[in-house]
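A quick write-up on the structure given underneath.
The values are calculated or read from the model by the stated rules, or taken from the named source; none is laboratory data. Everything numeric here is computed off the predicted structure, so don't read it as measured data. FYI the Cβ positions are ideal-geometry reconstructions off the backbone, even for glycines, and counts take in every protein chain you see. Accessible surface is based on the protein model in full, side chains and every heavy atom, while ligands, DNA and RNA are left aside. Shrake-Rupley method; radii C 1.70, N 1.55, O 1.52, S 1.80 Å.
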Amino acid sequence: QVQLVESGGGLVQAGGSLRLSCTASGGTGSRYPMGWFRQAPGKEREFVAAISWGGGSTDYADSVKGRFTISRDNAKNTVYLQMNSLKPDDTAVYYCAARVGVAVSTSGYKYWGQGTQVTVSS
């Protein structure tokens, strides 16, 4: 019902920056709390950041606090993940996800994108 498409991944050197985008279509458009997750090779998928549907509340994994910023533009049905000071450990496939509700959450996401690869070289 809700389709999510990520973009913006790529190869970057350590210390560099990337901005990921996730555009939603279908469903009720912008009225979903959104999250970013990532999965590195051989590891489980982990929570990265989340934002409420209004954009007023955010949450971050400890590993990215101070380096990553999640934001959204509801007029464009798009959520962003600005990633600064990237480290090789940030290398993963990054997924955006949407959940039914209002509040920020690290779980309970129903809709998922296909993912975009982020590779950070040392």
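In whole Hz, what ³J(HN,Hα) sequence does region 70-79 give by Karplus (6.51, -1.76, 1.60; θ = phi - 60°), x for Gly and Pro?
Per-residue couplings from phi come out as 9, 8, 8, 10, 5, 5, 9, 6, 10, 10 Hz.
Before I look further, what does the chain give for accessible area per residue, probe 1.4 Å, in whole square angstrom?
Counting only protein heavy atoms, the per-residue value for the chain is 50 Å².
Using unit Cβ charges (K, R positive; D, E negative) and no other charged atoms, how large, in debye to the nearest 20, is the dipole of the chain about its Cα centre?
The dipole magnitude comes to about 180 debye.
What shape does region 10-77 take by its C-alpha gyration tensor, where a ≥ b ≥ c are the square roots of the eigenvalues and a/c under 1.5 counts as rounded, a/b above b/c as prolate, and the rest as oblate?
Prolate, because a/c is 1.5 or more and a/b exceeds b/c.
Need one word for region 41-90: rounded, prolate or oblate. Basis is the Cα gyration tensor (sqrt eigenvalues a ≥ b ≥ c); a/c below 1.5 gives rounded, then a/b vs b/c decides.
prolate
Roughly how many nanometres apart are two label points built 7 Å out from the Cα toward the Cβ at D62 and S7?
A separation of 3.6 nm, rounded to one decimal place.
Just order 69-81, 86-98 by mean Cβ neighbour count inside 10 Å, highest at the front, would you?
Highest to lowest by the protection proxy: 86-98, 69-81.
Over the chain, calculate the relative contact order: mean separation of alpha carbon pairs under 8 Å at least 6 apart, over the residue count, as a percent.
36
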